[in-house]
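See below for the structure under consideration.
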2 protein chains.
Amino acid sequence: MIAQGGLWIVGLGPGPVHWMTPEAVEALARASDIVGYGPYLDRLSLRADQRRHASDNRDEIDRARHALRLAVEGRQVAIVSGGDPGIFAMAAALFEALEAGEPAWRDLAIEVAPGISAMQAAAARLGAPLGHDFCAISLSDNLKPWDIVARRLSAAADGDFVIALYNPASKARPTRVFDAFALLRERKGAATPVAFARAVGRPDEAIVVTNLGEADPGLADMSTLVIIGSSQTRFVSRGQGRPWLLTPRSYGAAR
Amino acid sequence: MIAQGGLWIVGLGPGPVHWMTPEAVEALARASDIVGYGPYLDRLSLRADQRRHASDNRDEIDRARHALRLAVEGRQVAIVSGGDPGIFAMAAALFEALEAGEPAWRDLAIEVAPGISAMQAAAARLGAPLGHDFCAISLSDNLKPWDIVARRLSAAADGDFVIALYNPASKARPTRVFDAFALLRERKGAATPVAFARAVGRPDEAIVVTNLGEADPGLADMSTLVIIGSSQTRFVSRGQGRPWLLTPRSYGAAR
């Protein structure tokens, strides 16, 4: 009988160690094997007895299969993810691989360690833009047709949700974020607050606060989280620096 | 001139210390005054030199004003929130109070320390239900009219989003979750996966996985986070125990 391994799907958060949970730190310390996208593994200080399995950022399913195979061989495996593995990250790829894979994988002890996701880091810097009902939408059309993305953007506008856009642009898809802004400009007011929050928590953090009429979608890259307000989202000025963004808890009330 | 205090809006996460970030722990350690809902303060081990300001769970704006006044007096204040303060929690109340309050409050150094929110803890236990585009909606109609809630639920169904329902029920509003399920049952298939995740991470954690046709909305209380799948969300069986929930990254693809 094969020794029973375990598998942790670990959220590293947006970058800084002060946003990594103790659970994630413990899961990494317990692992014999750590699997992940190379730059995420580079953030970690692994021990000499821990095996490092780096991959590029494309083959998420291959990476997940590799982690599952190691666990079935009896290894204690941590597969790491930026942000929260449950939000546009490794947890979905892992369970897709499990679903399509060896029956024995379904007997594994699998745990997910959640993490701070990019929209939460961005919101923390901005004030309270996600203070009420919101949607999170990935603009990537690698794995879904663009008409689904467009349908969801339209529905999010119809519902007057705050919108958090993940994966707004990449070298392979530089124009989708322009399409998204064009669609939203037809449905939402030009004064709607917008924020581009890039690499929050990392040395190259950059935040731009603007509005839908004036926003330049070209500011968004793969490291950017875009937030577009609801009809209720507003700016709150402060003594110095850019204004806060606030989506209040109430709807349609006088200020 | 008044000594300049500071204000941290601190997310404690869903409950266990292994889900509290080091940043949150540091902000609490630095505080001279800790403000919050009594049961949240009861989770913390405060030092003898730290002042505790407990309140009930209703007067969030009063609590926020109290924190802002202490900070303007030169105190180092932490105002605590369950989950992530940015998601249906204290950050919005704090900036609402700031917006309507004393001009001097706008000069304060204010920082938000994000935390793991209830939907992330629930998702971690369930597999990957939030693996693709999703909405977060509060069913509370204390501060917004029910027709806004209904409009958002309808839009979320139109967009085929996964839906995370916060504040699904309370003693004052026991029936709104039934109304929400009735609305969603008209728009989504009976086989749509549904999860009731109660008090995740706390001793009374309880999780029920079912589908929209069979779900009993009466399972939801104030401590429950409800997740309702998209058309793509599916169950993935495991060797023992309840199935995982998976919302894959792809849309409409063959399994």
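Where a number appears in this text, it was derived from the coordinates with a stated rule and is not lab data. Everything numeric in this text was worked out from a predicted model, so none of it was measured. For neighbour counting, all protein chains shown are included, and Cβ atoms are generated from backbone atoms with ideal geometry for every residue, glycine included.
What does the copy distance list look like for A:Leu46, label position 7 Å along Cα→Cβ, in nm and ordered from shortest?
With the label placed 7 Å along Cα→Cβ, A:Leu46 yields 4.4 nm.
Quick one: if you stick a label point 7 Å off each Cα along the C-beta vector at B:Ile207 and B:Glu111, how many nm between them?
About 3.3 nm, to one decimal.
Per DSSP H run of at least 4 residues, take -39500 (n - 2.57); add these up for chain B, divide by its residues and hand me the 222 nm value, nearest 500 deg cm²/dmol.
Using -39500 (n - 2.57) per qualifying helix, the result is -8500 deg cm²/dmol.
Name the residues of segment A:143-158 whose amide N is less than 20 Å from a point 7 angstrom out from the Cα of A:Ala182 along the C-beta direction?
Once the point is set 7 Å along Cα→Cβ of A:Ala182, A:144-158 turn out to lie under 20 Å by backbone N, inside segment A:143-158.
Specify the residue with the greatest mean-square fluctuation among A:Gly127, A:Gly83, A:Gly101, computed from a Gaussian network of chain A linking alpha-carbon atoms under 10 Å apart.
Answer for the Gaussian network model of chain A: A:Gly101.
With the cut-off at 1.5 for a/c, could you classify segment B:6-116 from its C-alpha gyration tensor as rounded, prolate or oblate?
Prolate, since a/c reaches 1.5 and a/b exceeds b/c.
Using the charge dipole of chain B (Lys, Arg: +1 at Cβ; Asp, Glu: -1 at Cβ; taken about the Cα centre), state which of B:Ile87, B:Ala124, B:Ala199 has its Cα farthest towards the positive end.
In chain B, that residue is B:Ala124.
When the dipole is taken about the Cα centre of chain B, and only Lys, Arg (+1) and Asp, Glu (-1) are charged at their Cβ, what size is it in debye, to the nearest 20?
The dipole of chain B has a size of about 700 debye.
Can you tell me which aspartates and glutamates have their Cα less than 14 Å from the Cα of B:Lys144? Leave out same-chain residues fewer than eight positions away.
Straight-distance partners of B:Lys144: A:Asp133, A:Asp160.
Going by Cα centres, segment A:182-255 and segment A:84-146 are how many Å apart?
22 Å
Using a 10 Å cut-off around each Cβ of peptide B:220-226, what is the average number of partner chain Cβ atoms that fall inside?
Counting Cβ atoms of other protein chains within 10 Å of each residue's Cβ and averaging gives 0.
Put a label point 7 Å from Cα along the Cβ direction on A:Ile61, then list its distances to the equivalent points in the other copies in nm, shortest first.
Ordered by increasing distance: 5.2 nm.
If we hang a label 7 Å off Cα along the beta carbon direction at B:Arg151, how far is it from the matching labels on the other copies, in nm, shortest first?
So the label point of B:Arg151 gives 2.3 nm to the other copies.
Run the paramagnetic zone check for B:Asp49: 7 angstrom along Cα to Cβ, then residues of segment B:69-104 with backbone nitrogen under 13 Å.
Backbone N within reach: B:76.
What is the distance, in nm, between label points placed 7 Å from the Cα along the Cα-to-Cβ direction at B:Ser32 and at B:Glu102?
Distance between the two pseudo-spin positions: 1.4 nm.
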